[in-house]
């Protein structure tokens, strides 16, 4: 019975993904994209990657899907797309190639002598490894990011002063 | 004129009460056997029922509690703001001080027709009030009212809370767009600006609590404040969180998305009947969720003198926070959207980062005090 939940999630996400590409209204497409992100985050949740799942929702649904929807709504939908057979055929071909490569990859993984489903490291050990070996680089990156955030705030402030 | 109003109101109440009694009798008749079994179980072994997830989800601190509080909050708000502005407020319905006004409102909203505009996007138009209510009510599941009264004591409760609330701007935008009305759309865009720019300071303001308690679990954060509440160590964060909370809830002075004098009723303009009621209901439930969250991370959750049970203290604190949130409406004028966004990005975020740095430096000392 263990495989039922992932299969339901895969079907749910796939339907949402297909709808996000194929729905004729851009707004419905954006909504389907948000639903797809939700399905993906539920999948991460199922795999036990809680942080990833929660930030997937917070960033991709809370920010990116909203941004896309905002853009679509402000710019307008434009002309609705018409179905075109050559494009559909090309899309199906591309999809088939990607699916085939996935299947080949998975079958290769299972053909390995001893397929271990459990990753050999935990999050803590990974963090420790990165901190021990690349601590200085991480520190510099963090400083860079903080200064970038401050720079953004300073730029925003300057703009405000000019307009005021 | 007054006589007429009173007549109308009292007859309305009479009919409402009769309708409620008939409905209750019907429901009672249907669930009688289950109720009997439930009561037997309750008197023999109360904790067996009070501690089940179903009870918590449906009754306390779940759906029924939240609904009742939302109804009471509506009455309190109208009465309180009226008194602040030297008016009377709800007066006739229900005998004493218009106490049954929210129930009359509820009946009115249920019986009203839901008008769908001609060129509206029907599916999304109908779906978005329901989604708004669900998204507003879902965060309640991670908020602890006492060590036992929490629906889901989740390890990453704080993160989950913010993740759920990230859906709200999406719902608002959908509602605004599907109405096919310029006032709705402008209101929706304003709501999006507001909610997107205040989510960042809100999250940053909640971080000191996580740093001090060393956990993302809201229960752990509340129990870490047994000696001292976090508001004493991070008062700036509490102020920022409170301001962000007001902005997220779209309450006056941050009510630009539904500015009555400019945008009719903002992104809810085209909604009527119970669809509008669901939005309002969702807004009050969200208010309760934010208040509970504020109490948990800054005011010590259920902590208090042991004379009274923990549940009393958490309910008292939540009520006080809700009351403060409601009463602010009576004092302040509305600010402009550019002032709001500028304050959010230019003031609140730097303050939050500064506060996080201070807390990070002082953390060892504070943790030694807490233990």
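Every number here is computed from the coordinates shown, using simple stated rules; none is lab data. In this text, all values refer to a predicted model and were calculated from it rather than measured experimentally. FYI the Cβ positions are ideal-geometry reconstructions off the backbone, even for glycines, and counts take in every protein chain you see.
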(message) How would region B:102-159 be classified by its alpha-carbon gyration tensor: rounded, prolate or oblate, with rounded meaning a/c under 1.5 and the a/b versus b/c comparison settling the rest?
(response) oblate
(message) From the helices alone, meaning DSSP H stretches of at least four residues, give me the mean residue ellipticity at 222 nm for chain B, per-run term -39500 (n - 2.57), in deg cm²/dmol to the nearest 500.
(response) -22500 deg cm²/dmol
(request) Can you tell me the relative contact order of region B:118-370? Whole percent, Cα pairs under 8 Å, sequence separation 6 or more. (result) 28
(request) Could you work out how far apart the two model spin labels at residue A:59 and residue B:21 are, taking each label as a point 7 Å from the Cα in the direction of the beta carbon, and quote it in nm? (result) 6.1
(message) Against the 2.2 N^0.38 Å scaling, with N counting residues, where does chain B land? I'd like the Cα-based Rg ratio to two decimal places.
(response) 1.06
(message) If R₀ is 30 angstrom, what is the calculated FRET efficiency for the pair residue B:86 and residue B:239, using the beta carbon separation as r and rounding to 0.05?
(response) 0.55
(request) Just tell me how shielded A:60-72 is by partners: mean number of partner chain Cβ atoms within 10 Å of each residue's Cβ, no decimals. (result) 4
(message) Springs between alpha-carbon pairs under 10 angstrom, Gaussian network model over chain B: which of B:360, B:238, B:283 fluctuates most?
(response) B:360
(request) Go from 0 up to the bin containing the longest alpha carbon distance in the protein assembly as shown, width 10 Å each, and give me the % of pairs per bin. (result) 3, 14, 24, 26, 20, 10, 3, 1, 0
(request) Please work out the C-alpha center-to-center distance from region B:101-143 to region A:1-79 and express it in whole Å. (result) 24
(message) Using a 10 Å cut-off around each Cβ, can you sort B:229, B:177, B:96 from fewest to most neighbouring Cβ atoms?
(response) B:96, B:229, B:177
(message) Quick check: pseudo-label points 7 Å beyond the Cα along Cα→Cβ at residue B:40 and residue B:307, how many nm apart are they?
(response) 4.2
(request) Could I have the simple spin-label model distance between residue A:19 and residue B:320, label points 7 Å from Cα toward Cβ, reported in nm to one decimal? (result) 4.7
